[in-house]
Structures are given as C-alpha cells and as structure tokens.
Amino acid sequence: MIRPFVFALALGLSLSAFASPKVIKKIPPEFPPEAVRKNISSGEVKAKLTIGADGKVTNVEIVDANPKRVFDKATIAALMEWRFDTGGKDETFEIKLVFRNDE
C-alpha cells in the first residue's frame, strides 16, 4: 500500500518574464512506490517548465534532484498536467517540488 504524503512547492522567478505565471490547475505528484521500498521518506526536485501561450506545459526538464532520479518521473507526470494563466504568451520558469512521506 502506498502511504499518503505531503508535497510543497516553491515557484522560482520566471526566466522569460518578471513574474511567474499563475497556476490554475495543480495535480499533486504521486509518492513513488520505489521511494517507499527504498525507505526514502523525502526529497526535492527542481524542474524547468516550458508553458505555451495556451497555458499547457509543453516540456519539463529536471534541473536538480535530491535524491537523484527517485522523484523525477512523478514530477514530470504531474507537472505535464498543470495549467497556467500566462497572459497569452509562452513562458519558461523553474519550480521546486518538495516530497515528504508523513507516515
């Protein structure tokens, strides 16, 4: 059984504008079963998002992760489902997701 977890996020400054786009749909990432099996209870992933003018995420690139490669797939899968209000222009910015298994 996969235990529930808490995740937090921190939006970085936009690389293409002065302010980060507003999140209008946020899907929380799943805590990977692999992490549970390996007794990993927390981690952080910094990702670079490319967002189209329509607010859909078009690309997610993992910039840094701790531990390496444990939370990457869950991060990419979740962030590809997020939607943003970009004001009708393409945007690129960084985001940090913090994973923590509370059980």
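The values are calculated or read from the model by the stated rules, or taken from the named source; none is laboratory data. This is a predicted model, so every value here is computed, not measured. Note that we place each Cβ from the backbone using ideal geometry, even for glycine, and neighbour counts take in every protein chain shown.
Condition check ((1) surrounded by fewer than 16 Cβ atoms within 10 Å (Cβ to Cβ); (2) at pLDDT 90 or above; (3) assigned to a loop (DSSP other than H, G, I, E, B); (4) among the polar types (S, T, N, Q)) across all residues:
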{"position": "ILE2", "(1), (2), (3), (4)": "yes, no, yes, no"}
{"position": "SER16", "(1), (2), (3), (4)": "yes, no, yes, yes"}
{"position": "ILE27", "(1), (2), (3), (4)": "yes, yes, yes, no"}
{"position": "GLU34", "(1), (2), (3), (4)": "yes, yes, no, no"}
{"position": "ASN39", "(1), (2), (3), (4)": "yes, yes, yes, yes"}
{"position": "ALA53", "(1), (2), (3), (4)": "yes, yes, yes, no"}
{"position": "THR58", "(1), (2), (3), (4)": "yes, yes, no, yes"}
{"position": "VAL63", "(1), (2), (3), (4)": "yes, yes, no, no"}
{"position": "PHE93", "(1), (2), (3), (4)": "no, yes, no, no"}
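Any residue in the stretch 68-87 that is under 12 Å from PHE31 (Cβ atoms) sitting within a Cβ distance under 7 Å of a residue that is surrounded by fewer than 19 Cβ atoms within 10 Å (Cβ to Cβ) and modelled with pLDDT under 95? List the pairs, counting only those 6 or more apart or interchain.
Listed by first residue and then by second, the contacts come to VAL70/GLU34; ALA74/GLU30; ALA78/ILE27; ALA78/PRO28.
Starting from the stretch 35-57, keep only residues that are touching a residue at least 40 places away in the same chain (Cβ under 8 Å) and within 21 Å of PRO21 (Cα to Cα), then list their pairs with residues that are in a loop (DSSP other than H, G, I, E, B) and hydroxyl-bearing (Ser, Thr, Tyr) whose Cβ atoms are within a distance under 8 Å, requiring at least 6 positions of separation or different chains.
Taking only residues 6 or more apart or on different chains, the pairs are ILE51/THR86.
Looking only at the stretch 34-52, decide whether some residue is of a type in the set (Lys, Arg) and within 16 Å of LEU97 (Cα to Cα).
Yes, the conditions are met somewhere in the stretch 34-52.
Any chance you could count how many residues in the stretch 58-67 are among the polar types (S, T, N, Q) and in contact (Cβ under 8 Å) with a residue 12 or more places away in the chain?
Selection size over the stretch 58-67: 1.
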